[in-house]
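Q: After the structure tokens below, expect a handful of questions from me.
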Amino acid sequence: MSDVASCPTCGSKSKIKQKEGKTTYATVQDEEAFKKIGQLKKAMEKFRAKAEALEEELKALKSSE
């Protein structure tokens, strides 16, 4: 997922992309879309944390056999 921040030139909410050492900003036009991006990022973080916990549990179970 791309990062979202305020554009330094215009102050609008923008997606940040870094390519070849250069940072580009693409404006998020819809406020609702911005909220959904935030919700998706939070959901992905929760999923990642659960997956990491399950991987650790699986490693522990395999090592105890």
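The values are calculated or read from the model by the stated rules, or taken from the named source; none is laboratory data. What you see is a predicted model; the values in this text were computed from it and never measured. Cβ atoms come from the backbone with ideal geometry, glycine included; neighbour counts cover every protein chain shown.
Q: Quick check on my filter: what residues within region 1-18 are surrounded by 10 or more Cβ atoms within 10 Å (Cβ to Cβ) and among the aliphatic types (A, V, I, L, M)?
A: VAL4, ALA5, ILE16
Q: Can we say GLY11 is outside any strand (DSSP E or B), on the phi > 0 side of the Ramachandran plot and either in contact (Cβ under 8 Å) with a residue 12 or more places away in the chain or out of contact with any Gly (no Cβ under 7 Å at 6 or more places or on another chain) (or both)? Please lay out each step first, then the result.
A: On the way: outside any strand (DSSP E or B): yes; on the phi > 0 side of the Ramachandran plot: yes; either in contact (Cβ under 8 Å) with a residue 12 or more places away in the chain or out of contact with any Gly (no Cβ under 7 Å at 6 or more places or on another chain) (or both): yes.
Answer is yes for this residue.
Q: Looking at region 15-25 only, could you name the residues that are closer than 12 Å to ASP3 by Cβ and either in contact with a strand residue (DSSP E or B) (Cβ under 7 Å, 6 or more places away or on another chain) or assigned to a loop (DSSP other than H, G, I, E, B) (or both)?
A: Here is the first cut: in region 15-25, the ones closer than 12 Å to ASP3 by Cβ are 15-18, 23-25.
Matches in region 15-25: LYS15, ILE16, LYS17, THR23, THR24, TYR25.
Q: Now for a different question. When you scan region 19-40, do you find a residue that is touching a residue at least 12 places away in the same chain (Cβ under 8 Å), among the basic types (Lys, Arg) and surrounded by 10 or more Cβ atoms within 10 Å (Cβ to Cβ), even just one?
A: No, region 19-40 contains no residue that is touching a residue at least 12 places away in the same chain (Cβ under 8 Å), among the basic types (Lys, Arg) and surrounded by 10 or more Cβ atoms within 10 Å (Cβ to Cβ).
Q: Here's something else I'd like to know. Looking only at region 26-51, count how many residues are modelled with pLDDT under 80 and either in a helix (DSSP H, G or I) or not hydrophobic (A, V, I, L, M, F, W, C) (or both).
A: As a first pass, look at region 26-51 and keep what is modelled with pLDDT under 80: 27-34.
Add one more test, that the residue is either in a helix (DSSP H, G or I) or not hydrophobic (A, V, I, L, M, F, W, C) (or both), and what stays is 27, 29-34.
Looking only at that region, the number is 7.
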